[in-house]
Structure formats: structure tokens, C-alpha cells
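Right, one structure below, let's go through it.
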Amino acid sequence: MPKKLFYILGAIFLVILIVVGTGLFVATFRSSELSTRTDDWGQFGDYFGGIMNPILACGNILVLWYLTSMVQAIEKSRDFAKSQDEKDSKKRELEFQKKLFLLELQQTAYKDLLDLLNKIDPLSITSAVSRGPGAIKKKVEQLGAIRIEIIAYCKCQYHLFPFLSQDHVDYPGDEILAMDASINDLLTGLEKIKSNSLTEDQMEELFGLISFLSTSRDVFVNVFQKSIISNLNAN
């Protein structure tokens with residue numbers, strides 16, 4: 001009940017009781033003369049006291065009830081606000097833990113990618129060429145496996161790195177294709193080597209392929225890093 005309406009109804013109730021009590025007294029003793037005896041005035045006071053005391057008692061009860069209800073409403077409101085604050089706090093904590101867990105997964109996945117790309121080592125490739133067809137064959141197999149792992153990584157890690165989705169605006173498609181093409185070209189060049197002795201043109205072509213692969217790898221890593229930072233800033 002609104003506070004103003006409560007006071008209005010209470011006042012009307014008290015006025016009605018006073019009017020009724022006074023009206024009954026006047027209707028009963030209106031034919032009597034005004035007394036000059038203190039006893040009569042004492043009885044008159046007792047009469048109105050008997051009427052007003054219950055009225056005031058009822059009024060006190062109503063006021064006490066109203067104050068109690070107001071206190072309960074305030075406590076409920078405060079408890080609700082406290083409950084909402086606790087829920088919001090838990091929600092923020094949960095969001096923080098979720099982001100922290102995601103960052104840890106991204107950190108681990110990014111380290112795995114770097115470990116994979118670091119296996120493309122120009123020195124180990126030239127060393128395999130110098131050791132002959134057996135070492136070259138082993139290196140071709142290793143590079144072929146690395147190529148497959150890189151493509152699989154880029155296709156499967158989009159849940160950790162949204163920019164790896166082909167629909168994403170920052171999808172590094174050109175860099176992925178360039179690195180894949182450079183690995184494929186190097187594999188083709190290595191498979192053409194049939195002996196330990198290479199001509200000067202063959203050596204120049206081979207070193208060019210190795211250099212191109214190393215460059216495309218570095219470009220891919222650089223773009224990947226920028227995409228990670230951009231994605232973190234967006235969140």
C-alpha cells in the first residue's frame with residue numbers, strides 16, 4: 001500500500017471513530033444542562049478517554065505494522081541488491097576464469113605451431129643435401145609430414161584462433177597458401193636430386209627455394225602474431 005494512501009485511510013478511520021463517539025454522547029445527554037460539578041466533568045473525561053485510548057492503540061498498531069512492513073521491504077530490497085551483486089561478481093569471476101583458460105590454451109597452441117614451424121630449418125635441409133640421396137629422402141618425408149601438420153593446424157584450430165576461419169576478415173589465406181606452395185616447390189626440387197654432385201644452377205635454385213620457404217614461414221608467423229593481438233584487443 002502506498003504511504004500517502006495509508007495515512008489518508010488511517011486519518012479517516014480515526015475521525016470517524018471520534019465523530020461517532022462524540023455523536024453518541026451528544027445524542028444521549030443533549031437534554032441535560034451543562035454541569036458545574038467536577039465529578040461530572042471527570043466522568044466526561046473518562047468517557048472520551050475510554051473512546052480515544054482504544055483508537056490511539058489501534059492507530060499505534062497500524063503505524064507499527066506499517067513501519068515493520070517498510071523495514072521488511074527495505075531489507076528485502078537490500079538482500080536482493082546484495083544477491084545481484086554476488087551473482088554479478090560470480091559472473092565476472094567466471095568470465096575472467098574463462099578468458100584466462102582460453103589464453104592458456106592459445107598460448108600452448110601457439111607454442112606448438114612455433115615448434116612445428118621451427119622444424120623447417122634451412123641448415124638441416126642443406127645438410128641433408130650434402131649427405132646424399134638417403135638423407136634427402138628422409139628430409140623430404142619430414143617436410144611432407146610438416147606440411148600436412150601445418151594445413152591440419154590451420155583448419156582445426158579456428159576454435160582457439162577465430163581468424164583461422166575462412167570466413168573471418170583477418171583469415172591469413174594468402175600467407176598459408178604461400179607457405180604451402182614454398183614447401184611443395186622445395187619438395188619437388190629435392191626429389192629431383194639424384195646424386196651428391198649438383199651443378200651450380202641446381203645449387204642456386206635449391207638455395208632460392210630454401211630462402212623462399214624461410215621467408216614465407218616468417219611472414220606467416222608475423223601475420224599470425226598480429227592476428228592474435230588484434231583478436232585479443234577486440235575482446
Worksheet item: Can you give the Kirkwood hydrodynamic radius of region 69-113 from its Cα pairs, in Å with one decimal?
Response: 13.1
Response to the item:
The answer for trypsin sites (Lys or Arg not before Pro) in region 165-235 that fall in a DSSP coil and have at most 14 neighbouring Cβ atoms within 10 Å is 192, 194
Worksheet item: Using 1/(1 + (r/R0)^6) with R0 = 35 angstrom and r between the beta carbons of residue 167 and residue 191, what's the FRET efficiency to the nearest 0.05?
Response: 0.45
Worksheet item: How big is the gap, in Å, between the Cα center of region 106-159 and the Cα center of region 165-235?
Response: 11
Fill in: Ratio Rg/Rh [Cα only; Rh per Kirkwood] for region 147-235
1.12
Item to complete: Just give me a number: lysine pairs in region 116-235, eight or more positions apart or cross-chain, with C-alpha atoms less than 19 Å apart.
Response: 10
Worksheet item: Under a point spin-label approximation (7 Å from Cα along Cα-to-Cβ), what is the residue 184-residue 15 distance to one decimal in nm?
Response: 9.6
Practice prompt. Work out the FRET efficiency for residue 89 and residue 231 from their Cβ-Cβ distance, taking R0 = 25 Å, and round it to the nearest 0.05.
Written response: 0.40
Worksheet item: Roughly how big is region 131-207's charge dipole about its Cα centre, with Cβ charges of +1 (Lys, Arg) and -1 (Asp, Glu), in debye to the nearest 20?
Response: 560
Practice prompt. Report the net charge of residues surrounding residue 78, where surrounding means a beta-carbon distance below 13 angstrom and charges are Lys +1, Arg +1, Asp -1, Glu -1.
Written response: -2
Worksheet item: Going by a ≥ b ≥ c, the root eigenvalues of the Cα gyration tensor, does region 86-170 fall in the rounded group (a/c under 1.5), the prolate group (a/b larger than b/c) or the oblate group?
Response: prolate
Worksheet item: Where in region 87-195 are there chymotrypsin sites (Phe, Trp or Tyr not before Pro) that are in a DSSP coil and have at most 16 other Cβ atoms within 10 angstrom of their Cβ?
Response: none
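Since every read-out is calculated from the coordinates, none of them should be taken as a lab result. Since we're looking at a predicted model, the values are computed, not measured. Positions of Cβ are generated from backbone atoms using ideal geometry, with glycine treated the same way; all protein chains shown enter the neighbour counts.
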